[in-house]
Amino acid sequence: MNQNVSIAVLFFFFTALFSTTYAQQNPMHPKNEFRAVWIATVVNIDWPKTSTDAVSKQKSDYIEILNAYKKLNYNVVIVQVRSVGDAFYPSKFAPWSRYLTGKEGKAPDPYYDPLEWMIEQAHKRGFEFHAWFNPFRATFDLKKETLSPNHDMIKHPEWMIKYGEKYYYNPGLPEVQNQLVSVIEEVVKNYDIDAVHFDDYFYPYKISGLDFNDSAAYKKYGNGLSLADWRRLNTNNYVKCTSYAIKKIKPWVQFGISPFGVWRNKSVDPKGSDTQSGQTNYDDLFADPMAWMEYKWVDYILPQLYWSIEHKTASYSKLLKWWSENSNGNAAVYIGNSSYKINTDSDKKWTNPYEIPNQINLNRSYKNIQGNGFFSAKWFLNNNKQVTDILSQNQYKYPALPNVVPGFRYKVEDVPEVWDITTDSLIADVILKFPEYDKMRYVVVYGAKNCTKIDVSDPANIIDKIAITERKGSISISLPKIYLDKHNSCAITYIDYYGNESSATILSTTKNLKMILNQITPDEE
């Protein structure tokens, strides 16, 4: 027998030497938790830093964001790929974004597909990639001369409504709804995304003294409903049709929405929150997150609670409790946090570096609140180091895995099966049998020191999360040999496309592997 040990022998000796345990999770360091950051591209908020950046700079700046948030143990990036009727990918429904190339309709030069590349880089670092769309906002200003001939504002002006200093798609038109569902279908079909994500822009935020002039569509399609109910129906129909379209193409692709943080005020509805918000989802944006969860149209809700814990009119703590009590289990509930307000807001609570850490701690006191999203990427990128230090030493000290897609939790049949392990001075190459039953996204590597049992439910033992790129045959992963040298017990698991984790398989350290090999009699030639 040579150094490439047979799987039967490897399995026998590895399981004899080591074992895995599953302990109760520590609520202050959960193993599964949504930790997301929004990467906004509109008007170059986060990325690219300017619309005229060279492709090489775009790539290095994006990788800088990923590496910074991986170091902080985040696990999801929500990247804006359509903001104003445009696209950060080649599309038959929209022109290239001006925020990418400086001119709407102009492709990157040298050419590359930013969306494909961004997904690949995110997965390479263990992030879920949630593709963020603003469906109904058509332009960011009224300058038609800057639009591409392929923009819907030029091709279909009858679809648009001018409101304030922007143009919006009219949600009351069936042809608009069909077009915007097709926009989503194109990306789900063509790209290996983990989720489709919408934010809070459905009908626009109200401008005092100005009407959103959809009267012609209402007259034609209102069908006896009040204007408000008809508008909510339009939003609900789009959410429902988008959900069905996504799941028909790729059932594992999640659909998440991040609505404004207040559903309704208690002053107008006893079921509402104890807030005095000037605008609300239900009454002003004509969005009803309660219906989306009730009918299982979304996999997660991420309400934007962009206030301090004890804010007078919209308290983070009161709203957190309200969302916890009004979730029904049909969708995961995460909370959106405003890292952009740290040291920049008139509310002086944001000068306290513990405001965000305390908000996370408060989240974790509610069992059905399962994580956070932060707006936006630049605020923890070489910024607010005092806050990021607190997070990295406390709340986000250890990695976490994203949650399983609601409704798709099941036992993973495949378990990593080691075919071969070879090492050199720097790398341990592990060859795994290709999974037989399930579609796998990642291999998770665990390590423990000074013990013979490794607890794979303890996030402190997570070493790495490695994307699986092979589609058949076998799976090859390369581990820095230091992983094995620093830990006397290592294990690996699979994560499937729904986020389910398999049972663990033990890997030997280099030292133990050598010991095993020395005890085995070589095959006779």
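Only one of the numbered conditions (1) in contact with a strand residue (DSSP E or B) (Cβ under 6 Å, 6 or more places away or on another chain); (2) more than 19 Å from Met28 (Cβ to Cβ); (3) not charged (D, E, K, R) is violated by Phe380, and that is (1). Of the residues making up the range 298-354, those that are of a type in the set (Val, Ile, Thr), under 17 Å from Ser365 (Cα atoms) and crowded, with 22+ Cβ neighbours inside 10 Å are Val333, Ile335. Scoring Trp263 on the criteria (1) closer than 19 Å to Val333 by Cα; (2) without any contact (Cβ under 8 Å) to a residue 60 or more places away in the chain; (3) more than 22 Å from the chain's Cα centre (by Cα) leaves a single failure, condition (2). Within the range 80-95, one or more residues are of a type in the set (Gly, Ala, Ser), more than 24 Å from Gln304 (Cα to Cα), touching a residue at least 60 places away in the same chain (Cβ under 8 Å) and touching a His at 6+ places or on another chain (Cβ under 8 Å). Selection of the range 32-57 for residues being open to solvent by less than 50 Å² (accessible area, probe 1.4 Å), over 20 Å from Thr139 (Cβ atoms) and not β-branched (Val, Ile, Thr) yields Glu33, Phe34, Arg35, Ala36, Trp38, Asp46, Trp47, Asp53. Mind telling me which of the residues Pro157, Pro95, Pro135 ends up being within 30 Å of Phe286 (Cβ to Cβ), touching a Leu at 6+ places or on another chain (Cβ under 6 Å) and not basic (Lys, Arg)? Step by step, each of Pro157, Pro95, Pro135 is checked, and only Pro135 is within 30 Å of Phe286 (Cβ to Cβ), touching a Leu at 6+ places or on another chain (Cβ under 6 Å) and not basic (Lys, Arg).
Yes or no: Thr313 part of a loop (DSSP other than H, G, I, E, B), touching a Leu at 6+ places or on another chain (Cβ under 8 Å) and at pLDDT 95 or above?
Criteria not met by Thr313.
Put simply, of Leu147, Leu142, Leu100, Leu115 the only residue that is in contact with a helix residue (DSSP H, G or I) (Cβ under 6 Å, 6 or more places away or on another chain), modelled with pLDDT of 95 or more and not β-branched (Val, Ile, Thr) is Leu147. Scanning the range 474-506 for residues that are part of a strand (DSSP E or B), open to solvent by less than 50 Å² (accessible area, probe 1.4 Å) and not acidic (Asp, Glu) yields a count of 14. Scanning the range 380-402 for residues that are in a helix (DSSP H, G or I), of a type in the set (Ser, Thr, Tyr) and either open to solvent by less than 20 Å² (accessible area, probe 1.4 Å) or over 21 Å from Gln370 (Cα atoms) (or both) returns a single hit, Thr388.
Of a type in the set (Asp, Glu), touching an Asp or Glu at 6+ places or on another chain (Cβ under 6 Å) and modelled with pLDDT under 95: which single residue out of Asp438, Asp429, Asp420 fits that description?
When all the criteria are applied, what remains is Asp438.
The combined condition, being within 18 Å of Trp38 (Cβ to Cβ), open to solvent by 10 Å² or more (accessible area, probe 1.4 Å) and at pLDDT 95 or above, is not fulfilled by Tyr366.
On inspection, Trp322 qualifies as among the hydrophobic types (A, V, I, L, M, F, W, C), in contact with a strand residue (DSSP E or B) (Cβ under 8 Å, 6 or more places away or on another chain) and not in a loop (DSSP other than H, G, I, E, B).
Restricting attention to the range 24-51, the residues that are among the β-branched types (Val, Ile, Thr) and out of contact with any Ser or Thr (no Cβ under 8 Å at 6 or more places or on another chain) add up to 2. For the range 181-199, the criterion of a residue being over 18 Å from the mean Cα position of the chain (by Cα) and in a loop (DSSP other than H, G, I, E, B) is satisfied by no position.
In the range 175-204, the residue that is farthest from Asp299 (Cα to Cα) out of those that are of a type in the set (D, E, K, R) and open to solvent by less than 20 Å² (accessible area, probe 1.4 Å) is Asp200. Contact map, the range 121-138: residues that are within 25 Å of Val239 (Cβ to Cβ) and without any contact (Cβ under 8 Å) to a residue 12 or more places away in the chain paired with residues that are open to solvent by 20 Å² or more (accessible area, probe 1.4 Å) and among the charged types (D, E, K, R), Cβ distance under 7 Å, separation 6+ or inter-chain. No pairs are found.
The residues listed here are Lys486, Lys472; of these, the one that is free of Cβ contacts under 8 Å to residues at least 60 places away in the same chain, among the basic types (Lys, Arg) and within 26 Å of Trp117 (Cα to Cα) is Lys472.
Return the residue satisfying two criteria in turn: it lies in the range 451-473 and is over 20 Å from Glu120 (Cα atoms) and open to solvent by 50 Å² or more (accessible area, probe 1.4 Å), and of such residues it is modelled with the lowest pLDDT. Residue satisfying both the conditions and the ranking: Thr452.
The values are calculated or read from the model by the stated rules, or taken from the named source; none is laboratory data. Only a predicted model underlies this, so the values are computations on that prediction, with no experimental measurement involved. Note: ideal-geometry Cβ built from the backbone for every residue, glycine included; neighbour counts use all protein chains shown. Ligands, DNA and RNA are stripped out before the accessible areas are found, and what is left, the full protein with its side chains, is counted by its heavy atoms. Shrake-Rupley method; radii C 1.70, N 1.55, O 1.52, S 1.80 Å.
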